[in-house]
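What follows is one structure encoded as structure tokens, with my remarks underneath.
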Amino acid sequence: MSWTAGVVRHVLPNGLTILAQRDASAPVVAVVTHIKAGYFDEPDEWVGIAHVLEHMYFKGTPRRGPGDIARETQLVGGYINAGTIYDKTVYYTVLPSTGEGLERALDVQADALMHTALDPEEFRRELEVIIQEANRKLDSPTAVATEKLYELLYRVHRIRRWRIGTEAGLRRLTAHDVRAYYTSRYTPDRIILGIVGDIDADRAAQLGAETYGEWSRPAAPVEGSPPEPNGPRPVVQVLRGDIERPLASLGWRTVNTLHRDAPALDIAAVIVGMGRGSRLYRAVRLPGLAATTSASHYTPTEVGVFEIALESEGDRIDTAVERVSQLAAALGMAGPSEQELGRARALVATQWARRFETVDGRAAALCECEALGSYRLADELYQRSLEVTAQDIWRVAREHLSPATISGVVYLPSGGRTRLADAWPPAGRGDALELAATVPRPTVQGQSRQATHEVVEYPGGVGHCAHPGADVLIRSKPGSGLVTVLVHVPGVADRETADIAGISWLLARSAIRGAGGMSGEELAQEAELLGGGLAPSVSAETVGWAMTVRADALREAAELLRCVALEPALTRQDVTVERGLQVSDARRVRDDMFRYPLQRVLGQAFPRDAYGLPALGEPQALTALSVDQVRAWSADLSARRAVVVAVGDLERSRMLRALEPLASWPVPPDVAGADRPPPDWVAGRAAEEREKKQTALAMAFPAPRYASADRYPLTVLGALLSGLAGRLFEALREKRSLAYTVAAMPWLARRAGAVLAYVATLPQREAEARDAMLAEFLRLIAEPPSGSELERARNYAAGTVEIRQQAGRAIAGDILDAWVQGTIDELADTSRRLRAVTGDDVTRVATEVFRPELRAEYLVRGSRRP
């Protein structure tokens, strides 16, 4: 496998590097501007300035006013965004490759890069938005814990600082400071331009040279971060705040990206924390000590952090942290088994393939490697990862992951207690840890036969094969070496009631703890050796499971999915432990200041229907769910017709043969199941108080169901209101600096729909934000979009659909939704229908939807204290 085949590289006389590569797997193109400047390049008096400049990049140039950069990009069907991190700042545009989109994207990005206006008044307004973003981050327990961990691990290096800056520090910055940073860091010698997609690579590189070749800005000396002179030390910090459940971030200082030990530490992180076959999952989550676990090895160029994160309950957090220390000790004592190593290699191979499946992911990866020395490092680093041995991992675990040098942050709810503050580092005897051996059982394979069922063709290359018990839908997507397969059952999740809310998720989660005579560990091992994992999924309409695996492993994946869906063990112990973890997850939703208000506002609107129930259920009702109820829910699921979807790098006849285990789904009873009636809509408002930096407001307005032809103007309406060029963004963020996040989007289901709106702002500006949002909704009725505004929104909505065609898993999800909603024959025509929406269509649906007296509203009101 070569990730760099066909790359064209040019270095311009001014020092700017251009990389171009053809990827014809989808009709899209990405333009990525990689700047070798980030938080590490900020002196202490400018902490956060790299992120401030990222925001100002979109605020205009002498040729373009504020918002024009996003508007012009959306006009050709694309989107533009950016991200700043320790070692880089990246701006990226993704758009359809047809027409003159590439030329427009290069012109827009080059103008913003070379001629950013940095207007002082725009800077003043945008600074308030950035402070809102910083407040939002303070309301995220996981973000706080991770950055506090970095502060403990590094006492001198700049990675220890709060990366987007504090409110006090940000307010000390001036427009002059930002211009000084811009002129000294945004210089051609620090820029790598990546162009990847359905384009001619030589022509793209030439266009880049013509666009950027005349830019001249001298390289400037920039003092980097001081090195870390201190050795590692074991330190713990205990935090307390208004959070629902405890969490911990534990870690070690490690090495830089190109260090010889980095690949082994990367693989160690996969062995420890990726997937259900990982050591963390088996030793910590499976027995119920933690609800979520993860491990990562992060190397932003010059330093490294190996982090293990977990979320638990108050009476288990100490034990979970001690178990992590034992895991580290065990890895250093004996290293991994060859079986664990094989699992990790398979997952890493799939991880790389998924990143390179999208044009922006591929372009960003090539630029990152070029910044490290050469784009060819993409192939080299990939190969080095696959060549890591068990001996390598044993060695790096002993050298870098000693329990004696672990540092940690433990974040507790207010009043929470821990013994770890007085007993650090936690005990870490590897010989005290027992992990069950995971010996995979050979998957039972039936005799493969040529599929004989008729395949009905739908537009867009989708084939449908109607089996007695299942509808099988397939589509080939060459290029990635992967295939995504999912099996879902409609008509289950939307029958939940308040007393059993969350039972669908409990079934989906419990089923992968054991099925088909295999334990959960064996299921995970089987799945992850194929390069993927068993992922449960529940939507408003369906319950199911999915996998993304190597294309040659589709049959084995189909067999595993059949076992999980039709033969789950659902032992009393498995369901009881999983129920406890789901109760914890349901409580944790309250800490998500975006997801939680939107969940609650749907509950306000649909109080007597499954659409209004929290997907994970309410903690108290969940606790009362019995094992027998879960088993009955499973029996109901297996007695219904299934939908199987496969999309990937496999010829369709081979795909059908490989899907035979799922195609032989049992024939459901011959009982016609009528759809439930549409739910009643209930207007109303509710609120709760939290000790948070921001207030989050969610609104919902009644809208048609998914199958209505109005979903097209509703989608365009969402594009008019949301995004960097939307009316809400301009009115609430650009002009008033009310919020960092503001959006409106259609939520459409089989029996009903809604338009949801969200804004997070300062508590003292709550009323202003609400009034401003309502005013914009009504203005859309009173002031219909202009011709250019409508064209932008239509192209943006259609382009978003086209850009989704890059990823097999996104295509599979779209096919599933279209089949379940009864619109499969329209799926391939979605872009054209969006581009055909008229201004009258938008005004009509806006008039029908935005009736303030019918709105539902939920408010999470933050503390007004500074």
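The values are calculated or read from the model by the stated rules, or taken from the named source; none is laboratory data. What you are looking at is a predicted structure, and each value in this text was computed from that prediction instead of being measured. In this analysis, Cβ positions are derived from the backbone assuming ideal geometry, glycine residues included, and neighbour counts consider all displayed protein chains. These accessible areas exclude ligands, DNA and RNA; they are computed on the full protein's heavy atoms, side chains included. Shrake-Rupley method; radii C 1.70, N 1.55, O 1.52, S 1.80 Å.
So here's what we get for this one:
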item	result
Residues of the range 40-62 classified as among the aliphatic types (A, V, I, L, M) and in contact with a Lys or Arg (Cβ under 9 Å, 6 or more places away or on another chain), total	3
Residues being open to solvent by 20 Å² or more (accessible area, probe 1.4 Å) and either within 22 Å of Arg705 (Cα to Cα) or touching a residue at least 40 places away in the same chain (Cβ under 8 Å) (or both) - total across the range 797-806	4
Boolean, Leu170 is under 30 Å from Gly408 (Cβ atoms), modelled with pLDDT of 95 or more and either of a type in the set (A, V, I, L, M, F, W, C) or in contact with a Phe, Trp or Tyr (Cβ under 7 Å, 6 or more places away or on another chain) (or both)	yes
Elements of type strands (runs of 3 or more DSSP E) in the range 635-723, at least 1 residues being surrounded by fewer than 16 Cβ atoms within 10 Å (Cβ to Cβ) and over 31 Å from the mean Cα position of the chain (by Cα)	684-689
Output for the range 843-858, where each listed residue is of a type in the set (Val, Ile, Thr) and either under 14 Å from Asp771 (Cα atoms) or within 30 Å of the chain's Cα centre (by Cα) (or both)	Val849
Odd one out for Glu521, checked against (1) surrounded by fewer than 20 Cβ atoms within 10 Å (Cβ to Cβ); (2) of a type outside the set (Phe, Trp, Tyr); (3) at pLDDT below 95	(1)
Tally of residues being touching a residue at least 60 places away in the same chain (Cβ under 8 Å), in a helix (DSSP H, G or I), basic (Lys, Arg) and open to solvent by 30 Å² or more (accessible area, probe 1.4 Å) across the range 121-161	3
Residue among Thr89, Thr84 that alone is polar (S, T, N, Q) and in contact with a strand residue (DSSP E or B) (Cβ under 7 Å, 6 or more places away or on another chain)	Thr89
Unique match (being farther than 28 Å from Pro679 by Cβ and part of a strand (DSSP E or B)) among Val483, Val487	Val483
Criterion: of a type outside the set (Lys, Arg), closer than 22 Å to Ala624 by Cβ and in contact (Cβ under 8 Å) with a residue 24 or more places away in the chain - qualifying residue of Glu578, Glu567, Glu559	Glu578
Some residue of the range 739-762 being touching a Lys or Arg at 6+ places or on another chain (Cβ under 6 Å), of a type outside the set (Asp, Glu), in a helix (DSSP H, G or I) and farther than 16 Å from Arg595 by Cα	no
Residue check for Leu622: within 28 Å of Ala515 (Cα to Cα), buried (at least 18 other Cβ atoms within 10 Å of the Cβ) and in contact with a strand residue (DSSP E or B) (Cβ under 6 Å, 6 or more places away or on another chain)	no
Answer residue from the range 828-853, given it is open to solvent by 50 Å² or more (accessible area, probe 1.4 Å) and among the aliphatic types (A, V, I, L, M) and is farthest from Arg641 (Cα to Cα) among those	Ala836
Long-range neighbours under 9 Å by Cβ, at least six apart or interchain, first residue touching a residue at least 12 places away in the same chain (Cβ under 8 Å) and of a type in the set (Val, Ile, Thr) within the range 589-604, second part of a helix (DSSP H, G or I) and open to solvent by 20 Å² or more (accessible area, probe 1.4 Å)	Val589/Arg595; Val589/Gln599
Selected residue [under 19 Å from Gly194 (Cβ atoms), open to solvent by 10 Å² or more (accessible area, probe 1.4 Å) and in a helix (DSSP H, G or I)] from Glu54, Glu72	Glu54
Options Arg779, Arg765, Arg794, Arg809; residue that is within 23 Å of the chain's Cα centre (by Cα) and open to solvent by 40 Å² or more (accessible area, probe 1.4 Å)	Arg809
Strands (runs of 3 or more DSSP E) (entirely within the range 162-261) containing at least 3 residues that are under 30 Å from Glu122 (Cα atoms) and in contact with a Leu (Cβ under 7 Å, 6 or more places away or on another chain)	191-197
Pair list, Cβ < 9 Å and 6+ apart or interchain, from the range 642-667 residues that are within 13 Å of Val472 (Cβ to Cβ) to residues that are charged (D, E, K, R) and part of a loop (DSSP other than H, G, I, E, B)	Val647/Lys477; Arg657/Arg449; Glu660/Arg449; Trp665/Arg641
When residues of the range 38-51 are limited to those that are in a helix (DSSP H, G or I) and closer than 22 Å to Asp119 by Cβ, the one most open to solvent (accessible area, probe 1.4 Å)	Trp46
Check on Thr84, within 25 Å of the chain's Cα centre (by Cα), open to solvent by 10 Å² or more (accessible area, probe 1.4 Å) and β-branched (Val, Ile, Thr)	yes
Residue in the range 241-256 that is open to solvent by 40 Å² or more (accessible area, probe 1.4 Å) and closer than 30 Å to Ala110 by Cβ present	no
Some residue of the range 391-406 being in contact with a helix residue (DSSP H, G or I) (Cβ under 9 Å, 6 or more places away or on another chain), assigned to a helix (DSSP H, G or I) and among the aromatic types (Phe, Trp, Tyr)	yes
Scope the range 512-538; condition farther than 18 Å from Leu341 by Cβ, touching a residue at least 60 places away in the same chain (Cβ under 8 Å) and within 23 Å of the chain's Cα centre (by Cα); matching residues	Ile512, Leu534, Val538
Residues within the range 452-481 that are open to solvent by 10 Å² or more (accessible area, probe 1.4 Å) and over 17 Å from Asp814 (Cα atoms), tallied	12
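Residue-by-condition table, conditions (1) at pLDDT below 95; (2) hydrophobic (A, V, I, L, M, F, W, C); (3) over 27 Å from Glu302 (Cβ atoms):
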position: Asp111; (1), (2), (3): no, no, yes
position: Val129; (1), (2), (3): yes, yes, yes
position: Leu152; (1), (2), (3): no, yes, no
position: Ile164; (1), (2), (3): yes, yes, no
position: Thr183; (1), (2), (3): no, no, no
